[in-house]
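Please read the structure below before turning to the comments.
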Amino acid sequence: MSLIGKMIDRLLTKGSITLTEAGKEPRTYGPGRGKHVKARFTDAKVPFEILKNPRLGFGEAYMDGRIVLEEGTILDLLEIVMGSNPWEEGRTARKVLNRGMSRMKRLFARNDTKRARRNVAHHYDLGDELYETFLDSDRQYSCAYFTSPDNELEQAQWEKKAHIASKLYLQPGQRVLDIGSGWGGLAIYLYQAAKVDVLGITLSEDQLRVARRRAEEAGVSDHVKFELIDYRVLQGEFDRIVSVGMFEHVGLEYYDEFFAACRRLLKRDGVMLLHTIGKFGISKKPDPFTDKWIFPGYHLPSLSQMCSASENAKLIVSDLETLRLHYAYTLRHWLDRVNENRAKIEAMYDARFFRMWEFYLAGGIVMFESGGGCNYQVQYIRDRRALPITRDYMMEAEKRLRVKPAATKKKGPAQTRRASSKQKETA
């Protein structure tokens, strides 16, 4: 048995993989219960690159077309491997997947204000068309909230916004800061739902352009504004702070700085809601494929890392929720849509880019279904008396906010003329 075959055999407790190495006969590994995948290595260097650094080597070989799946999908293969090694069972075989993951890169990957902007542009300034192929109509590029696993993506993203808004305890006229405001959907929603003034800040020029246009088109630009600015240099005070899907890009070395800035920007009786991907256990090193190709400079926090830094800033954790499977459901919708738009994405970029994106989304699914990934929603306050002493206000607000307002139909020219005539008759 080859070295790569021994590694596969050691990892699998269910399912099977038939592997054809370059110049060798096919061989099947695993107990055979469950899914089966057939894979082929196109050259003899692939197994050595995987053995050297499994997460990076495997991802790059698949992206480059040097691992060809002859039966099954990349998601099937990852489900077999990661499903055999769920995080909560603590199998020692998982450790082989972390081989070659060096901590040295972190010493040279400082996420200062200049590098942070470059890192954001690497992922978010890829062009509008890509994100239109798989996101919902509001372009929510973060974990949705599934009140039922069977819900459609559009409904789950709407209910995510309602879930977040309910925890902010919003009152009309308040000033809200949205750190990492994306394409503007949440900021616009908060104004429409609670009549609050929102400032969204981002480091992505593409997102800024789209967000400003959307606010203008929605007729809310007097109350919902967007700026290209780093939270570290922003001045002012806000009644509420919300941040969704941005904290992953802060970097572990900057957690103290982030929470100190949030405390400075938050009014004494203010409320903050932080929504972020996190890790169940101690988070030490980023996934090398994701760090190199998808989100350079990122770090997924453990709960203890977040709490330690926020405690240093004298911020009180007033509510905490762990979303365990919601992002897996979200990513499955995104991957389905990406696969449906394969030809379009390959025409925009190329087949290599498509495989990179496919691997990124499939890897995310298994991280949330079997790995150590989750989402945290942490509510912070400066003053322990800033909120009601029970969570009833959240439940009441969420029940109200989940109901979508009825869509108003635009009147056509004939309807407008009829309405005008009727007004004259009744005047």
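Evaluate the stretch 147-155: report whether one residue or more is at pLDDT 95 or above, farther than 24 Å from Asn341 by Cβ and either open to solvent by 30 Å² or more (accessible area, probe 1.4 Å) or of a type outside the set (Lys, Arg) (or both).
Residues of the stretch 147-155 that are at pLDDT 95 or above, as a first pass: 147-155.
Applying the additional criterion that residues be farther than 24 Å from Asn341 by Cβ yields 147-148.
Those left that are additionally either open to solvent by 30 Å² or more (accessible area, probe 1.4 Å) or of a type outside the set (Lys, Arg) (or both): 147-148.
The answer is yes; a qualifying residue exists.
For the stretch 216-240, what are the residues that are in contact with a helix residue (DSSP H, G or I) (Cβ under 6 Å, 6 or more places away or on another chain), of a type outside the set (Lys, Arg) and open to solvent by less than 20 Å² (accessible area, probe 1.4 Å)? Explain how you work it out, then say what you get.
Pass one, the stretch 216-240, residues in contact with a helix residue (DSSP H, G or I) (Cβ under 6 Å, 6 or more places away or on another chain): 218, 220-221, 223-224, 226, 228, 230-232, 238, 240.
The next check asks that each one be of a type outside the set (Lys, Arg); those that pass are 218, 220-221, 223-224, 226, 228, 230-231, 238.
Selection gives Val220, Val224, Phe226, Asp230, Tyr231, Phe238.
Can you name every residue in the stretch 262-312 that is within 22 Å of Phe238 (Cβ to Cβ), outside any strand (DSSP E or B) and either open to solvent by less than 10 Å² (accessible area, probe 1.4 Å) or among the hydroxyl-bearing types (Ser, Thr, Tyr) (or both)?
Across the stretch 262-312, the qualifying residues are Cys262, Leu265, Met306, Ala309, Ser310.
Would you mind finding the one in Gly23, Gly59 that is of a type in the set (Gly, Ala, Ser) and either in contact with a strand residue (DSSP E or B) (Cβ under 9 Å, 6 or more places away or on another chain) or modelled with pLDDT of 95 or more (or both)? Let's see the steps before the verdict.
Numbers: Gly23 fails: either in contact with a strand residue (DSSP E or B) (Cβ under 9 Å, 6 or more places away or on another chain) or modelled with pLDDT of 95 or more (or both).
Exactly one residue qualifies, and that residue is Gly59.
In the stretch 24-48, which residues are of a type in the set (Gly, Ala, Ser) and closer than 15 Å to Ile67 by Cα? Lay out the reasoning, then the answer.
Going residue by residue through the stretch 24-48, those that are of a type in the set (Gly, Ala, Ser) are 30, 32, 34, 39, 44.
Result: Ala39, Ala44.
Each row is one residue, and each column tells you yes or no for (1) within 24 Å of Pro296 (Cα to Cα); (2) loosely packed, with under 11 Cβ neighbours inside 10 Å; (3) at pLDDT below 95; (4) among the basic types (Lys, Arg).
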residue	(1), (2), (3), (4)
Phe359	yes, no, no, no
Arg391	no, no, no, yes
Lys399	no, no, no, yes
Thr408	no, yes, yes, no
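Has the stretch 216-238 got any residue that is basic (Lys, Arg), free of Cβ contacts under 8 Å to residues at least 60 places away in the same chain and closer than 14 Å to Asp178 by Cα? Full working, then the answer.
As a first pass, look at the stretch 216-238 and keep what is basic (Lys, Arg): 225, 232.
Going one step further and asking which of them are free of Cβ contacts under 8 Å to residues at least 60 places away in the same chain, we end up with 225.
Now drop any that are not closer than 14 Å to Asp178 by Cα, which leaves 225.
Yes; the residues of the stretch 216-238 include at least one that is basic (Lys, Arg), free of Cβ contacts under 8 Å to residues at least 60 places away in the same chain and closer than 14 Å to Asp178 by Cα.
Out of all the residues in the stretch 170-184, is one or more surrounded by 16 or more Cβ atoms within 10 Å (Cβ to Cβ) and without any contact (Cβ under 8 Å) to a residue 40 or more places away in the chain?
No, the stretch 170-184 has no match at all.
Suppose the filter is free of Cβ contacts under 8 Å to residues at least 24 places away in the same chain and open to solvent by 10 Å² or more (accessible area, probe 1.4 Å); does Leu203 pass it?
Values: free of Cβ contacts under 8 Å to residues at least 24 places away in the same chain: no; open to solvent by 10 Å² or more (accessible area, probe 1.4 Å): yes.
When the stated conditions are applied, Leu203 does not pass them.
The values are calculated or read from the model by the stated rules, or taken from the named source; none is laboratory data. Everything numeric in this text was worked out from a predicted model, so none of it was measured. Cβ sites come from the backbone with ideal geometry, for glycine too, and all protein chains shown count toward neighbours. Quick note on the areas: whole protein, heavy atoms, side chains included, nothing else; ligands and nucleic acids left out. Shrake-Rupley method; radii C 1.70, N 1.55, O 1.52, S 1.80 Å.
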